[in-house]
Amino acid sequence: MEVIVLKNSKKIGKYVGQVIIDAIKENPKIVLGLATGSSPVTTYNYLIKDHKKNNTDWSEIKTFNLDEYIGLDQQNPQSYFQFMKNHLFNYVNIKDENINIPIGTGDYEKFAKTYDKKIAEAGGIDIQILGLGENGHIGFNEPPCDFNSKTQVIDLVESTISANSRFFNSIDEVPKRAVSMGIDSIMKAKKILLIAFGENKANAIKQLIQGEISTNVPCTILQKHKNVYVIIDKNIEKLLK
Ligand code: GLP
C-alpha cells in the first residue's frame, strides 16, 4: 500500500485524474470502477476539464459504479445514477451502454446478483476509485462486513445515514438500504485508488494504514491488496502523527 499526501482536495483530484488519463492513453478500452460522494468530485472535475481540452476519448471505456440507494429510481435527483450523470457522464463522450450502476428499484436483487458476472465479462476492473466512510466502510459495505461478499443489498447503519443526510432535505429522506459491490468484488480490481480528505476521515485512515485487519473496519482488508494507493490531504496526515 502506498500513501500519497497532497495539499488539498483539488491537488488530489489532479493527481488521481491524471493517473486515470494516463491509464486511458495506455488502454482506451479501460474498465473503471467509480464511486460517488464528495471524495471523487475533484477527480471528476479534472477528467471533465481534460476531456474538453485534450479530447480524451471515452467512447470505448466501460464503467461500473460501486453502489446505489434502494428506493431511488434513476430519475431521482438523489440517486447515484443522477450523481454520475451530473458530475461526469454528461460531460464526456461515454456511451450509455458502457455505463453500469446497480439499480435501486425494480428487481434490484436480481440485478445485484448478476453484477459481478458482468464485471468479470468486461475483463474485470482495471482501476477502482474508492471513497471512505467515517466508520471505514468502502462502497456501502458497513461494519461488521463479510470479506467474501459480492454485490448485495446492505442495511445502512445510523452513522452513515446521518453522514449522508447532508445531501438530502432531511434525514428522513435518506434511504435505509443500498445495493453495493461487495468487499470481494472490490478486492478483485487490479488497481485501487482510495481518496480521503478532511479531518473526519483521519480515524478511518489510521485504521486502514496501521490497524489490524478486521471486519469491524471494512477498509482494513485493503492491506491485503497488492496494488493500492491511498491518497489523502495534509489535514488527515497531521492527525496521523
Ligand atoms: C457513501 C458512499 C461511499 C463513499 C462514502 C464517503 O457512503 N457509498 O462510496 O465513499 O459515502 O463519502 P464522501 O466522499 O462524501 O465523504
Exercise. Answer with yes or no whether E199 is within 13 Å of the ligand (Cβ to nearest atom), within 15 Å of the chain's Cα centre (by Cα), surrounded by fewer than 23 Cβ atoms within 10 Å (Cβ to Cβ) and of a type outside the set (A, V, I, L, M).
Key: no
Quiz item: Picking from S39, S59, which residue would you name as being within 16 Å of the ligand (Cβ to nearest atom), assigned to a loop (DSSP other than H, G, I, E, B), at pLDDT 95 or above and not β-branched (V, I, T)?
Solution: S39
Practice problem: Looking for whichever is away from the ligand (no atom under 16 Å from the Cβ) and buried (at least 18 other Cβ atoms within 10 Å of the Cβ) here; the options are I70, I30, I4. Which one fits? | Solution: I30
Quiz item: Would a scan of the range 85-96 turn up a residue that is part of a helix (DSSP H, G or I), among the aromatic types (F, W, Y), within 13 Å of the ligand (Cβ to nearest atom) and closer than 30 Å to H51 by Cα?
Solution: no
Exercise. Look through the range 2-42, keep the residues that are polar (S, T, N, Q) and under 20 Å from S79 (Cβ atoms), and return whichever of them is farthest from the chain's Cα centre (by Cα).
Key: S38
Self-check item: Only listed residue being away from the ligand (no atom under 11 Å from the Cβ), of a type in the set (K, R) and modelled with pLDDT of 95 or more, chosen from K241, K224
Solution: K224
Quiz item: Among the residues of the range 34-56, is any of a type in the set (F, W, Y) and more than 15 Å from V179 (Cβ to Cβ)?
Solution: yes
Exercise. Test I94 against the criterion of being closer than 30 Å to I236 by Cα and of a type in the set (A, V, I, L, M, F, W, C), and give yes or no.
Key: no
Exercise. Return yes or no: is K53 part of a helix (DSSP H, G or I) and either within 18 Å of the chain's Cα centre (by Cα) or within 16 Å of the ligand (Cβ to nearest atom) (or both)?
Key: no
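The values are calculated or read from the model by the stated rules, or taken from the named source; none is laboratory data. In this text the structure is predicted, and so the values were computed from the model without any measurement. Note that each Cβ is placed from the backbone with ideal geometry, even for glycine, and that neighbours are counted across all protein chains shown.
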